[in-house]
Amino acid sequence: MATQIIISNNDYIKVDDSFHIEWAAKGDSMPAISNTIHVVIWNTLPGPNEIQSKDSSTGNMTGNTSLSATSDAVGSTTIADLLVWGDIRKLQIEEAQTAFATAQADDEANGTTNAEGKSWIDYDPHYS
């Protein structure tokens, strides 16, 4: 299970302070995050673990909610659920990237063009 996650709602997700996921690549099983949440921070870096909230109609910040345990709620899910999801999504993306690299290598070795014009996204059945 991942130990750290930062979710910048509708922008990106960072898993374990090293794996960056663009919002479009979040996949089809990400737990729902309300549009009133700006950022979720759960990590070991200096600063608080928190949910930064916003007014969804103006984008203005409305306050922060401290997080102290993986059982703390983020809307209808928990930090623990987000960590598990983040780890699974990271593995799914890595598997798709490996499958794409394999397809490219097969094309090069066999003179085929099966991977031509494609990217790892085409090998990810969970891409959203």
Simple spin-label model, 7 Å along Cα-to-Cβ: THR113 to SER8 in nm? 3.8
Efficiency by 1/(1 + (r/R0)^6): what FRET value for THR44 and GLU22, r their Cβ-Cβ distance, R0 = 25 Å, to the nearest 0.05? 0.60
Cross-link partners among aspartates and glutamates for LYS54, C-alpha distance below 18 Å, same-chain residues fewer than 8 apart left out? ASP11
Among 41-50, 25-34, 82-91, what's the highest-first ranking by average C-beta atoms within 10 angstrom per residue? 82-91, 25-34, 41-50
Under the rule of -39500 (n - 2.57) per DSSP H run of 4 or more residues, summed and divided by the residues of the chain, what mean residue ellipticity at 222 nm is obtained, to the nearest 500 deg cm²/dmol? -9000 deg cm²/dmol
Can you give the angle from 0 to 90° between the axis of helix 79-110 and the longest principal axis of the chain, with both taken from C-alpha atoms, to the nearest 10? 20
Can you match Cα Rg over 2.2 N^0.38 Å to one of these, [x] 1.07; [y] 1.26; [z] 2.17, based on a calculation from the structure here? [y]
Euclidean distance between Cα centres, the stretch 95-117 to the stretch 1-67, Å: 34
Where in the stretch 55-128 are there GluC sites (Glu not before Pro) that are in a DSSP coil and have at most 13 other Cβ atoms within 10 angstrom of their Cβ? GLU116
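Only the coordinates and a few stated rules stand behind these numbers; no lab work does. Not measured: the values here are computed from a predicted model. Every residue, glycine as well, gets a Cβ built from its backbone with ideal geometry; the counts of neighbours run over all protein chains shown.
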